[in-house]
Each structure stands twice: as C-alpha cells, then as structure tokens.
Amino acid sequence: MDPLALTLIELGAVVFCLGLLARLAGRIGMSPIPLYLVGGLFFGAGGLVKLEGMHEFAHLSGEIGVILLLLMLGLEYTAAELVTGLRRSWQAGVLDLLLNFVPGAGLALMLGWGVVGAMVMGGVTYISSSGIAAKVITDLGRIGNRETPVVLSILVFEDLAMAVYLPVLTATLAGVSIVLGLQTVGISLAVVSLVLVVALRHGHHVSKAVHSENSEVFLLNLLGAALLVAGLAAAMQVSAAVGAFMLGIAISGATAHSATRVLEPLRDLFAAIFFVVFGLNTDPRSIPPVLGWALLLAIVTAATKVVTGVWAAKRAGIGIPGRFRAGAALIARGEFSIVIAGLAVASGVVPPELAALATAYVLIMAIAGPLAARFVEPIVRLFRRPVRRPAYRTSGPA
Amino acid sequence: MNVDETDLPGLGRRKDFMTASGRRIGVVEYREGQTELIVSTWDDPDTCLASVPLTADEAAALGNLLGGQRLAMQLSEAHREVPGIVTRQFSISAESPFQNQPMGKACIRTRSGVSIVAIMREGEVLPSPAPDVVLHPGDLLIAVGTQEGLDTAASILRNG
C-alpha cells in the first residue's frame, strides 16, 4: 500500500477510536486519560495491532501534546495567583512534596532503578492531576466549598514545583554530574523567578505580542511562539516542556483566558495522541509483573495525598468532612505523571519496567481519584455521629 | 456585615458570609464573568448544597428583591408609630403600561395619595425619585401610603 494512504488510515482509525473512548469516558463520568493509555497499550509494541505507518507523525504529535499540556498549565494561573499561592500555602506545598515524592522515589531505589529512576518515580507520584482535580471539583458542585481554595493553592504550588523539577529532571536524565546538576537547579530557579517578575511587571507586553482579535491569527501566534520557545529551551537543555510552561505563565489577563479557549481543542487532540504514543511504547506484557507494586504505591500515595489535604484544610479552619474532601480531591494523578515518565522513557536511561509501573500507577490513580473524591463524603459521614438539625426561630416581630 | 472574599486560583473569586442561622451564603464570580449563587448545607457550612448559575439580569433582579425587602422593613419600622400607613413594593413588569415612561406620567400621588419613596434598580437604590425618572422593567418601587391608596396605586401601575 502507498505509505501515505497507510499513515492516513492508521491515524484516522486511532483518532476515531480515541473519540469513542472519550465518549465512553464521558458517559461513565471518568477521565479519558486511562482509556487513552489502555488504547495505546492495545495497539503498538507487544499489543494486538502493530502501527508502523503513523509512527513518525505520532511521535512528533506526542511531543507537541506535551508542549500544549504544559503551555495550558502555565496559562491556568496568573503570575499574581502563583505568587500569592506560594506565599500563602508553601507549608502545605512542602508537606505535599515530601509526603508524595518519597514513596515513589523509595520504591524506585528499592527496585534498583538508581537515583535517576528515583527522581522520575518521585515526580510521577508527587504531581496531582490538576485537570482531573478541577473537573471533579466542578462536576461535584464543590467550587463554592470552603476547602476548594485550599486544594487549588496546593495545585498552584505543584505547578511551580514542576517548573523547577522539570529542568532538573532533564539534566539528570542527560546524565550530568552533581555540580552541573546543582547549576541547573540554580539556573532554573533563576529563570522561574525572572519569568514571574517579567509576568508580574510586563506580562501585558508578552500578551500584547501574541494577542489578536482575529482568532486565526491569535492561534497561529500562540502556537508559533510556544513551539519556538519550547525549541529554544530544548536547545539549551532545559526541556521543551518547561519553555512552553514559562510562556504560559508570562501570558496573562484576558489574553490568557482567550488563549485557553483557542488552544483547548488542539490540546485535547495532541494530548490524546501523546497518551496513546506512551501506551504504544509500553509493552502490555510488562505490566502484570509490576501490578502489585503499582497497587501498593497507589494505596500509599493515595493516603499521603489525603494526609496532605487534611492537614492543609485543618490549618485553614475547615471542618472534618471538608478536610477529607480536600484530601480526596488531590488523589488523582494523570497527565503530568505520564509527561514525566514519558520524558524519562524517551531518554532511554531508565529501565522499561519504569514505563510499565508508571502506566499501571496512573491507570489506577486516574480512575480511583475521582471515585475517592465522590465517595469520601458518605464514608466520613458513616464514622461521625449524626447531627440533629437545630430548630431556628424565624425572623420577624416577636 | 463581614463578607469574606477568597481567591479561587484559575477560576475566579468567592464572596460569602455566615448567616445567623449557621449557613454560609454568597456568590462565586468566575473569571469569564458568570455568577453563581451558593448556599451551604445546614450541617456543614464548608459545603455547597446548591450552586445556582445566574445571568446578569437574574442577579440584578435577586439583588432588587433582597435589597427592596430590607428597605421596606426599615420603612415599616419607621412608620410603626403612624397608624394606617403601610409600606409596599411594586415591581414594574415587562407588560406594565409605564415601562420606559417617566414615572410622573402615572400620576400616582395625585390619583392614589401614595408616595414612591425609592426605586430599586440593579441592586442600587434611587432615593426620592423625581417624576421625570424613567421606569424600567424589573424596577422595584417602594411605596408608602394607606392600604386603599396602595391598592389603587397597584392597579394604576398594572393597568394604566
């Protein structure tokens, strides 16, 4: 068959299947990410159907998917929100980092994957899925809840932590020495601070540079700028994703909102392909051996996220049910765990079992997270004494 | 009244307060401009029993209803000493013959002896409105007069 025809047929079939999976996910009210991953496992290396024709395109699309995911993560919060979030919730953020990085890193060390593997798995278990968390909070009508700002500010902190973590991870994966690694940490901290200052003081200039009333011009400007910055960042060994993320932070105000709207469909498409590609490159036969570890890790890191949420919500003066709601909302891991694992796998310095473990882990957490958020309330209620409804005196003349 | 304002990073702002009956009530203002009315459950003030999306018009109408109620209660309190004087609220419907007309055209004081002491519009109070104030649909008129006078005024505003 003509190679172009083969590529188109394969790509069309895959995207169409993704559409079916996304519809199924919407029907049962879950995140589509685990289904995309399963779809990817089903095709590709060791799976039932081998896709040869679309490999090159899918690979590049997956990269663009990561860039768009990070760009939109940067767009989500304004620089001012990031700074106030950091100031107000750094204690909870640090606790979150400690409690959730250690289990992943520890397991990696135990399995003999070395410091690099520990860096990667720590990141995978640390980062909550802000996408799933936001959707769960909206779907369950909890936006007006008192614990919601607590959850959001922890997500904001994770967001900033990613900006420092990703360049360090890239440097570690490239196998640089400790001195060079520390230098990268210094540089990335400096770059993050610089971008925040620029975004706070001169964000409108950056926004102006890409903004346009014409949505076509706007889209092309945005995408062009994102790919350029990502490419330059990659050339400087800082990781393409971080470049896009920084651009997202620098774009602010109304431009950021319209950018989110314009980019959403593109992000959905390319991110879906990214998840599939990750699944494609993972051999499904490698999953059963690590399933036990993934389950153990899932249980431990679900508990650690709940502890984080409970602690942070308690500090904010929230009642017991609200504390557990905050904890449960943080459990879900998703897109960014896969982004981290994907960076590691692409570098080829981590064992293939790591990809399998990360896949299994995210599959469990992306499904269990929303379920936990939904059912935490009735469960907490079971353990509490029922409260009698007080009778209120109606207002009016006595 | 102490209204708490809380940032919701990535979403917008929440403004709420605790009522004397132990419920939290307020609004969520989204970055994109929508408004949601939120009410907590009675046993857990941290939750939301309901979050009701409101259009700009609906929010203004609700504001009028609540604000008008307060004004009417204060006025009744002030007139309690004067027997026979009552405060009532009239809303200008989209069918009213006086919508988009100056209020003086209805000649309410001449025909019924009732005084319009204030107009509630989009959550704001226009005190002692002059006869040349143009009435809009959704306006809430605060009227003071006798029981019979107010009945007459209501019929004037409805039927012309």
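Below is a table of values for the structure above.
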{"quantity": "Whole-number percent relative contact order across chain A, with pairs defined as alpha carbons under 8 Å at least 6 apart", "calculated": "29"}
{"quantity": "Net charge contributed by nearby residues that have their C-beta within less than 15 Å of residue A:166 (K/R +1, D/E -1)", "calculated": "-4"}
{"quantity": "Residue among A:346, A:199, A:326 with the largest mean-square fluctuation in a Gaussian network model of chain A, springs linking Cα atoms under 10 Å", "calculated": "A:346"}
{"quantity": "The range A:250-398 - charge dipole about Cα centre, Lys and Arg +1 at Cβ, Asp and Glu -1, debye rounded to 20", "calculated": "1260"}
{"quantity": "Pairs of alpha carbons in the range B:4-54 whose separation is greater than 15 Å (percent)", "calculated": "43"}
{"quantity": "Length gained when the stretch residue B:1-residue B:110 is fully extended (0.36 nm per residue, less Cα-Cα span)", "calculated": "35.3 nm"}
{"quantity": "Lys/Arg +1, Asp/Glu -1 at C-beta; the range A:42-138 dipole; positive extreme among A:132, A:72, A:62", "calculated": "A:132"}
{"quantity": "Separation between Cα centres of the range A:159-229 and the range B:93-160, rounded to whole Å", "calculated": "60"}
{"quantity": "Efficiency of FRET between residue B:70 and residue A:17 - r from beta-carbon atoms, R0 56 angstrom, step 0.05", "calculated": "0.40"}
{"quantity": "Solvent-free Debye scattering, log10 I(q)/I(0), computed from the Cα coordinates of the protein assembly as shown at q = 0.08 Å⁻¹", "calculated": "-0.64"}
{"quantity": "Set of lysines near residue A:305 by C-alpha distance (under 22 Å), chain-local residues within fewer than 8 positions excluded", "calculated": "A:135, A:314"}
{"quantity": "Length added when fully stretched, residue A:80-residue A:177, from 0.36 nm per residue minus Cα-Cα", "calculated": "31.4 nm"}
{"quantity": "Around residue A:67: net Lys/Arg minus Asp/Glu count, Cβ-Cβ under 13 Å", "calculated": "-1"}
{"quantity": "GNM top mover of A:230, A:312, A:209 - chain A, alpha-carbon springs below 10 Å", "calculated": "A:209"}
{"quantity": "Label point distance in nm, residue B:101-residue A:375, each placed 7 Å from Cα along Cα→Cβ", "calculated": "6.5"}
{"quantity": "³J(HN,Hα) computed for each position of the range A:245-250 - Karplus, 6.51 cos²θ - 1.76 cosθ + 1.60, integer Hz, glycine/proline x", "calculated": "4, 5, 4, x, 5, 5"}
{"quantity": "Rounded to whole Hz, the Karplus (6.51, -1.76, 1.60) HN-Hα couplings of the range A:354-364, x for glycine and proline", "calculated": "4, 4, 5, 5, 4, 4, 4, 4, 5, 4, 5"}
{"quantity": "Charge dipole magnitude, Cβ of K and R +1, D and E -1 - the range B:59-159, Cα centre, debye nearest 20", "calculated": "120"}
{"quantity": "Gaussian network model of chain B, Cα within-10 Å springs - most flexible of B:47, B:35, B:87", "calculated": "B:47"}
{"quantity": "Relative contact order of the range B:1-150, defined on C-alpha pairs under 8 angstrom at six or more residues apart (%)", "calculated": "18"}
{"quantity": "Farthest toward positive dipole pole in the range B:4-54 [+1 Lys/Arg, -1 Asp/Glu at C-beta], among B:11, B:38, B:54", "calculated": "B:54"}
{"quantity": "Other protein chain Cβ atoms within 10 Å, averaged over every residue that makes up B:8-19", "calculated": "5"}
{"quantity": "Charge dipole of the range B:59-159 about the Cα centre (unit charges at C-beta), most positive-ward option of B:84, B:133, B:112", "calculated": "B:112"}
{"quantity": "Surrounding net charge for residue A:335, when Lys and Arg each add one and Asp and Glu each subtract one, Cβ distance under 15 Å", "calculated": "-3"}
{"quantity": "Dipole moment magnitude, nearest 20 debye, the protein assembly as shown about Cα centre, only Lys, Arg, Asp, Glu C-beta charged", "calculated": "1660"}
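Only the coordinates and a few stated rules stand behind these numbers; no lab work does. Computed from a predicted structure; not experimentally measured. Virtual Cβ from ideal backbone geometry, glycine too; neighbours counted across all protein chains shown.
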